[in-house]
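Notes for the one structure printed next.
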Amino acid sequence: MDFSDKSVVVTGSARGIGRAIAEQFAAAGASVVVSDLDQATVEKTASEIGGKTIGIVANVTDSEGLESLFKATKEKFGSLDILVNNAGITRDTLMIRMDEKDWDLVLDINLKGAFLATKLAAKIMMKQRSGRIVNISSVVGLTGNAGQTNYSASKAGLLGFTRSAAKELASRGITVNAVAPGFIQTEMTEALSDAAKEKFLQNIPLKRPGTPLDVARAVMFFASKDAEYITGQVVAVDGGLTMQ
Ligand code: NAP
């Protein structure tokens, strides 16, 4: 795929799946903005990725920071073509033990963060009359998961948000799609117990955990010209875990 005339912002991309997405876009020639919480880390990741990659700090819960991020992207690269809403966190525990603050934090970052970023990016993309937005949801947004009521609600919410935004933005040439990863090897899943990892693996028909690269490839398809007639869709990248 050739993205050499495209600029891409990936939120939460200093490490994990977001970093792999940024790397793949850069390898395909795109101008990439690595965006995350810490200045030193975004700069380090951007310089390791190389090519036309820059690092800009932005917290997805801070709409002023996001506005500066998109303004800087447009000033530096001339357009904002692709937004990947990837930043996300977990605060897992059983619902009856869950603090209100852990509910709010997960919903604020995973769901409201995507709304704030999409709203601001869409304003720029609407003027361009083109754009691609890809939201990183999760299979637990489709199936639910004990111990993840806050996380699965945020990821299910992201799917409803994806479909509604897709309907609102289609007439301006902007597509909005979602990728729902399954069990992917990153620092987020490293924290799971061996028993939980084994349970996931037993239920994956393709019999291996996913990699950040598996997710990045699906994101790039949605962002590519080949997907120009696809909007409001979700694809699970999960080795068959949730197939119906
Ligand atoms: P990760 O390794 O924990 O990376 C998440 C990144 O997001 C980190 O760099 C983190 O920064 C950043 N971040 C956290 N809060 C942020 C905020 N408020 N604003 C901007 N950036 C923020 O996670 P991952 O496994 O790569 O997951 C990436 C996405 O895929 C998430 O949305 C996750 O829910 C989703 N997902 C992952 C899996 C999986 O199996 N790994 C499965 C399904 C879905 P810090 O390092 O500073 O905290």
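Tell me whether the range 207-219 contains one or more residues that are under 19 Å from residue 117 (Cα atoms), away from the ligand (no atom under 15 Å from the Cβ) and not β-branched (Val, Ile, Thr). So far as the range 207-219 goes, no, none of its residues is under 19 Å from residue 117 (Cα atoms), away from the ligand (no atom under 15 Å from the Cβ) and not β-branched (Val, Ile, Thr). For the structure I just gave you, tell me whether residue 17 is in a loop (DSSP other than H, G, I, E, B), under 28 Å from residue 185 (Cβ atoms) and within 13 Å of the ligand (Cβ to nearest atom). Criteria not met by residue 17. Within the group 170, 114, 121, 153, which residue is small (Gly, Ala, Ser) and within 12 Å of the ligand (Cβ to nearest atom)? Just a single option satisfies the conditions, and that option is 114.
Between 20, 87, which is within 15 Å of residue 212 (Cα to Cα) and out of contact with any strand residue (DSSP E or B) (no Cβ under 8 Å at 6 or more places or on another chain)? Going through 20, 87 in turn, just one is within 15 Å of residue 212 (Cα to Cα) and out of contact with any strand residue (DSSP E or B) (no Cβ under 8 Å at 6 or more places or on another chain): 20. Per this entry, residue 238 is counted among residues that are within 28 Å of residue 93 (Cβ to Cβ) and out of contact with any helix residue (DSSP H, G or I) (no Cβ under 8 Å at 6 or more places or on another chain). Among the residues of the range 1-27, those that are among the aliphatic types (A, V, I, L, M) and surrounded by 24 or more Cβ atoms within 10 Å (Cβ to Cβ) comprise 8, 9, 10, 17, 21, 22. Residues that are at pLDDT 95 or above and β-branched (Val, Ile, Thr) were ranked within the range 161-206; the one that is nearest to residue 114 (Cα to Cα) is 162.
Does residue 13 satisfy being polar (S, T, N, Q) and within 20 Å of residue 215 (Cβ to Cβ)? In short, yes.
Looking across the range 46-63, the residues that are of a type outside the set (D, E, K, R) and near the ligand (Cβ under 9 Å from one of its atoms) come down to 57, 58, 59, 60, 61. Residue pairs whose Cβ atoms lie under 8 Å apart, sitting 6 or more positions apart in sequence or on different chains, and linking a residue in the range 21-44 that is without any contact (Cβ under 8 Å) to a residue 40 or more places away in the chain and over 12 Å from residue 8 (Cβ atoms) to a partner that is hydrophobic (A, V, I, L, M, F, W, C) and buried (at least 20 other Cβ atoms within 10 Å of the Cβ), are 37/14; 38/14; 41/14; 42/14; 42/34; 42/56; 44/14. Return yes when residue 82 is touching a Lys or Arg at 6+ places or on another chain (Cβ under 6 Å), in contact (Cβ under 8 Å) with a residue 24 or more places away in the chain and more than 12 Å from the ligand (Cβ to nearest atom) and no when it is not. So residue 82 fits the description; yes.
The values are calculated or read from the model by the stated rules, or taken from the named source; none is laboratory data. Just so it is clear, the structure is predicted and the values come from calculations on it, not from any experiment. Positions of Cβ are generated from backbone atoms using ideal geometry, with glycine treated the same way; all protein chains shown enter the neighbour counts.
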